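Note sheet for the following structure.
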Amino acid sequence: MKEKNEYGDMPIEELRKYGNESFDWLAEYFGNIDDYPVLPRVQPGDIAARLPNDPPLEGEDMGAILEDFRKIIVPGVTHWNHPAFMSYFSITGSGPGIIGETLCAGLNVNAMLWKTCPSSTELEQVVMEWLRKLIGLPEDFWGLTYDTASVSTMHALAAARERVPGLDARQKGLGASGVKLRVYISDQTHSSVEKSAIILGIGLDGVRKIPTDSEFRMDAGLLEAAIKEDLSDGWKPFCVVATVGTTSTTSVDPVDRIADICRANSLWLHVDAAYGGMGFVLPELEWTRKGCEKADSLVTNPHKWLFTPQEFSALFCRNQDLLKQSFSLIPEYLKTEQDQVALNYMDYGIQLGRRMRALKMWFILRYFGVKGIQSRIRRVIQWAGEIAGRIDSHPEFERIAPVPFSTICFRAVPGNLRGAGIEDLDRFNQQLIKAVNDSGKGYLSHTKLNGKLVIRMALGNIRTEERHLDQVWEELVRGMERLKAEL
Ligand code: PLP
């Protein structure tokens, strides 16, 4: 093999050898994924303690580096790829996605301008059109990618702020006008909207949380009343964020009704469909999209439920020009001869540089096809219904929320704790989650609903098989029996 050049990169033969070795390792990893504990058996500081304090003075052998990856890094990995990972939202780094991500890293383009990578810019435009059609949004929604839903939502809110008449926050900042902007969310909305308010100068005081109903959906009547009240109290309502698939319970806000309230009050409607948006691919879930066609912007995250490796969020915006108006700033050195005829993505957001993120999505959409995507999403939804049925018919579990998609919220109510206080039941459920997670055979997370600790079981990984559902269910039942005996 060629000697390493003091001034150059890894020799090509080494790239081939270790690249092949890395893919071989990945193939083995996925082939034996069941043998890994879902959660790593490490304590805080364990991994860092095994790494040197200083970088090596002399370059090291790639073989030794990969060996340490296997020995030190992998044991501290939480295996989101594990088919029994049912925490937060269950995701998939699918084969075509991994290949696309690898090639994207290899090409290493910076598609800030059309000219700096025509293929990246045009592929993103085509793929976002495919995605728009896949989820059934109207033709006048224009899409682009960011890394995360948090960042997509921040951009949508910036565009909403730009539309407020007479504000000109882009030029003058918010201080100049003295206007007190108000954005409406529900008590179940993801915290990313509040973070957007922090960064956009709206402030947390400018975020009003509307209570939800018994199924954790925004109460549209209370939204209407809150807008009225705020108007008479000197606030400037400008935006409502509705959610399709809330983080805790995957509830679907009454978007249609909220859209009408927004229209009547000239408010921007942003829909956070980060998780639920992928459900739009199924005709039987069309009801969850109702009203989204009236939104000004909508975010959905293929990196959640479309088998796409992190990070891939899709923002669709009705008013492409407004997004550009909010962010475009063109220094001399970024001007090109194609500026009048081609799209430069740097104009549509805070970041200048962009990777060829659309490549992995293109691979995924082509490899699975619309029908393949539908059947995979449909299957986990059916399984979620089946698990919900098991919970409903078990005398010592209770379901806490409806299951419109593939996430089940429930908790244990053991016979010998009937009539016990909330704290005792919360502690029992916390211990039950720990029992499942410590087993290495599953990973569940929790949330709080109406003050009660609730177990969340989220399905979505396309490597999950029925036996993994049974495996996690068995751990739940076994954990419950053991904990009951210890009470
Ligand atoms: N919106 C909803 C409904 C979510 O559930 C989440 C994360 O789970 C987010 C937004 C934030 O997503 P991201 O991690 O892509 O910023």
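A short reminder: the numbers here are calculations on the coordinates, not readings from a lab. None of the values given here were measured: they were computed from a predicted structure. A quick note on method: Cβ atoms are made from the backbone with ideal geometry, for glycine too, and the neighbour counts reach across all protein chains shown.
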I'd like the Karplus ³J(HN,Hα) series for region 330-341: coefficients 6.51, -1.76, 1.60, θ = phi - 60°, whole numbers in Hz, and an x wherever there's a Gly or Pro. 10, x, 3, 6, 10, 7, 9, 6, 9, 3, 7, 10
For the residues ILE261, ILE330, ILE185, what sequence is obtained by ranking on other C-beta atoms within 10 Å, fewest first? ILE330, ILE261, ILE185
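So, R0 is 22 Å and r is the distance between the beta-carbons of ARG41 and GLU474; what FRET efficiency does that work out to, to 0.05?
Values: r = 20 Å, r/R0 = 0.92.
Between ARG41 and GLU474 the formula returns 0.60.
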Computed about the Cα centre, the charge dipole of the chain from +1 Lys/Arg and -1 Asp/Glu charges at the Cβ has a magnitude in debye, to the nearest 20, of 980
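Which percent, to the nearest 5, of DSSP beta bridges fully inside the chain are antiparallel? It would help to have the intermediate numbers written out before the result.
On the way: 23 of 40 bridges.
Percentage antiparallel, nearest 5: 60.
Hey, what did the chain get for relative contact order, percent, Cα under 8 Å, at least 6 apart?
Numbers: 831 pairs, mean separation 100.4, N = 487.
Once divided by the residue count of the chain, the mean separation gives 21 percent.
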Less than 15 Å Cβ to Cβ from PRO414, Lys/Arg counted +1 and Asp/Glu -1: what total charge do the surrounding residues give? 0
In this model, which of LYS133/LYS290; LYS115/LYS360; LYS304/LYS360; LYS2/LYS71; LYS172/LYS228; LYS434/LYS484 are farther than 23 Å apart at the alpha-carbon? LYS2/LYS71; LYS172/LYS228
Options GLY106, ALA159, GLY93, ranked by Cα towards positive dipole end of the chain, top entry (Cβ charges): ALA159
Total charge of the residues flanking GLU465 in space, meaning their Cβ is under 14 Å from its Cβ, with Lys and Arg +1 and Asp and Glu -1, is +1
On a C-alpha basis, how far is the centre of region 200-259 from the centre of region 303-349 in Å? Whole number, if you could? 28
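Rounding to the nearest 20 debye, state how big the charge dipole of region 111-208 is about its Cα centre with +1 on each Lys and Arg Cβ and -1 on each Asp and Glu Cβ. Mind dumping the intermediate values first?
Details: 11 positive and 11 negative charges, 76 e Å.
Rounded to the nearest 20 debye, it is 360 debye.
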Once you list every other residue whose beta carbon is under 15 Å from the beta carbon of ASP140, what net charge do they have if Lys and Arg are +1 and Asp and Glu are -1? -1
Just how large is the dipole of region 386-473 about the Cα centre, in debye to the nearest 20, putting +1 at every Lys and Arg Cβ and -1 at every Asp and Glu Cβ? 200
In whole Å, what are the extents of the chain along the principal axes defined by its C-alpha atoms, from largest to smallest? 73, 65, 46
